[in-house]
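The values are calculated or read from the model by the stated rules, or taken from the named source; none is laboratory data. These numbers come from a predicted model, not from an experiment. No Cβ is skipped: glycine too gets one built from the backbone with ideal geometry, and neighbour counts run over all protein chains shown. In case anyone asks, the SASA skips ligands and DNA or RNA and just uses the protein heavy atoms, side chains included. Shrake-Rupley method; radii C 1.70, N 1.55, O 1.52, S 1.80 Å.
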Amino acid sequence: MNTDLRGFPEAVAAAVLAVVLVWAVRRPRGLPEAAAAVPAAGLVILAGAIAPDAALAQARRLAPVVGFLACVLVLARLCDDDGLFRACGAWLARGDLGGSGRRAPGRRLLVRVFAVASVTTAVLSLDATVVLLTPVVLAAAARTGVRARPHAYACGHLANSASLLLPVSNLTNLLAFAVCGVSFGEFGALMALPWLAAIGVEYAVLRRFFAADLDAGGLGAPGAPGVAGTPGVAGVAGVAPVAAPADVPGMPVFTLVVVALTLGGFVVASAAGANPAWAALGGALVLAVRALARGETTAAAIARSADVPFLLFVLALGVVVAAVVDNGLGSALRPVLPAGTSLPALLVIAALAAALASVVNNLPAVLVLLPLAAPAGTGAVLAVLLGVNIGPNLTYTGSLATLLWRRVLRAAHGPDVALGEFTRLGVLTVLPAIVFSVVALWLGLHAA
C-alpha cells in the first residue's frame, strides 16, 4: 500500500504547537511551560518538520535574546529585594490621595498607577509589572479605601501596551530588536510616540469604563483581605507586603542609580556594536554582589529569579514555531502581509499581528511574523511589534503576561476578572491604541 506522508510533518508541527500553547495556558499541576515545549521541539525534529541543523540555528539565533532576558529578570528581582516596589507602593498609597482636591481619590490613584506601571514596564520589563507591582497596587488601593478593579486592570493592560518603549521592556521587543536594524537609542526614539499614544488611549478608556468605581469609595480598609501586612498580599510571587506608613523605607537610591547606569549601558553598548546584554549582566552583577555581601539573598535565589524553565520554553517554542513556518504557515501569510511601509501598510501589518497574537499568543505570533516583515525594513518590524504588544489585551490567552496577571490576582485575593468584562475593555482599547500608535510610528519614521 502506497501511503502519501508528505503532509505528515506539517500536521505534526501544527498539532505540537497547539499542544504547547494549551499547556502554557493551563499549566497542569503547576508544571512549567518548558515541560511540554522541550519534548515538543524534539518531536518536530524527529518527525522531519525541521532539520536538526535548522533547529540548532534557530536556538543559536535566540540565545542572545534569552541571555538578555535572564539578566533583566534577575535585575528586576534584585530591585524588588532592595525595596524598590515597596517604596513605590508607599508612594501610591500616600495619604494625600484622600485630600480635598476636585479629583476623587480613586482617580488620583489611577494616575499614579499609570505612571509607575508604565515606567516599570518600560525599564524593568512587563514581568516586573505583573509579578512585583500588581500585588503592591492592590494593597495600595485597599489601604486608601478605593476599589481595586480599575487599578488591577491598569497593571494588566499596561504590562502589554506599555511595553513598547525599549528593547528590554518585553521579550517580543528583544526579538524585534535583533532584526530591526537600529540601535538601542534609535529603537527608543522611534517607539516613544507610539508608547505615549498607547498609554494615552488606555488611560482615557479605563477612566471612562471604570468611572463608577473610580468615583466610589471601596471596601478596602486596613486589615481587610488583600491589604498590606495580611495573607492576601504577603508572599505573593515573592513580594513582601507594603509596609505600614511608619515603617516605609526610603527609595533605594543605590538601586535606582544602578538601573539608570544600566540603561545608559544599553545605549552605549548598542552604539559600540556590542550586545546590550553585557550591560544588563553588569547591572545584575553589581546588585547581586551587594545583596550577597549584605546577606539579603542567596546564590540559589538569584539563580531561581533567572527562571531557567521559562528560558528553555522560549528556545523550544522558537524551534516549534520555525517548524510550523517552514511547513506552510510562512507561505500562507507572506502574500497577506504588505510589502511597503506606507501608513495603510503599517496599519494592516499591526492589525494582522494583533489578531494573530490574540488567537495564538504573542510570542508565537512575533516569531512567525518577524521573518516575513524584516525584508520590508524597520517600519514593518516595529508595526508587528505594536500589534503583538497591544493585541494581547483582547483575549486571556493573548500573552503569557496576561495569564500570569490573572494568577497573581487570584493569589492576592484581588478582584475577579470576568471574561465578558475583560473582552469588552479589550475591544474598546486595542483598536484605537493600534491606530494611534501606528500613526505615531509612521510620523516618527518620516521625521527620522
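Normalised size of the chain, defined as Cα radius of gyration per 2.2 N^0.38 Å with N residues, equals 0.97. Classify the stretch 310-377 from the C-alpha gyration tensor, please: rounded if a/c falls under 1.5, else prolate or oblate depending on whether a/b exceeds b/c. In terms of gyration-tensor shape, prolate. Heavy-atom accessible surface of Asp81, to the nearest 10 Å², is about 60 Å², with a 1.4 Å probe and all protein chains retained.
Counting only Cβ charges, +1 for Lys and Arg and -1 for Asp and Glu, the dipole size of the chain around its Cα centre is about 840 debye. Please list, by residue number, everything in the stretch 290-324 whose backbone N is under 15 Å from a paramagnetic label point 7 Å out along Cα→Cβ of Arg61. Under 15 Å, as judged by backbone N against the label point of Arg61, lie 315-324 of the stretch 290-324. Only one residue of Ala280, Ala13, Leu372 has its Cα farthest out toward the positive end of the dipole of the chain, where Lys and Arg carry +1 and Asp and Glu -1 on Cβ, and that residue is Ala280. What the chain shows is 40 Å² of accessible area per residue, with the surface traced by a 1.4 Å probe over protein heavy atoms.
Net charge in the neighbourhood of Val72 (other residues with Cβ under 12 Å of its Cβ; Lys, Arg +1, Asp, Glu -1) is -1.
When all protein chains stay in place and ligands, DNA and RNA are ignored, the 1.4 Å accessible-area order of Trp278, Trp91, Trp195, largest first, is Trp278, Trp91, Trp195. Principal axis extents of the Cα atoms in the stretch 309-448, from largest to smallest and rounded to whole angstrom, are 47, 34, 25. Applying 1/(1 + (r/R0)^6) with r as the Cβ-Cβ distance of Val359 and Arg208 and R0 = 30 angstrom yields a FRET efficiency of 0.65. Remark: the stretch 117-194 projects, on average over all directions, an area of 5.1 nm² (convex hull of Cα atoms). Spacing of the modelled spin labels on Phe8 and Arg29, each 7 Å from Cα toward Cβ, amounts to 3.0 nm. Helix-only arithmetic for the chain: the sum of -39500 (n - 2.57) across DSSP H runs with n ≥ 4, divided by the residue total, places the mean residue ellipticity at 222 nm at -22000 deg cm²/dmol. Scalar couplings 3J(HN,Hα) for the stretch 278-295, obtained by applying the Karplus form with A = 6.51, B = -1.76, C = 1.60 to θ = phi - 60°, are 5, 5, 4, 4, x, x, 5, 5, 4, 5, 5, 4, 4, 5, 5, 5, 8, x Hz; x denotes Gly and Pro. Couplings 3J(HN,Hα) of the stretch 80-90, computed from phi: 5, 4, 8, x, 4, 7, 5, 5, 5, x, 5 Hz, in residue order, whole Hz [Karplus 6.51 cos²θ - 1.76 cosθ + 1.60, θ = phi - 60°; x for Gly and Pro]. Comparing Leu370, Leu329, Leu315 in a Gaussian network model of the chain, where Cα atoms under 10 Å apart are tied by springs, the biggest mean-square fluctuation is seen for Leu329.
Around Ala159, what is the net charge, scoring Lys/Arg as +1 and Asp/Glu as -1 over all other residues with Cβ under 15 Å from its Cβ?
0
For the stretch 15-135, the dipole from Cβ point charges (+1 on Lys and Arg, -1 on Asp and Glu) about the Cα centre works out to 580 debye, to the nearest 20. Each principal axis of the Cα cloud of the stretch 299-347 was taken in turn, and the coordinate range along them, longest first, works out to 50, 29, 10 Å.
Under the 0.36 nm per residue contour assumption, what length would be gained going from the current alpha-carbon distance of Trp278 and Ala54 to full extension?
Values: separation 224, 0.36 × 224 = 80.64 nm, distance 2.68 nm.
My answer for the length gained is 78.0 nm.
At an R0 of 30 angstrom, the distance between the Cβ atoms of Arg424 and Val19 translates into a FRET efficiency of 0.50.
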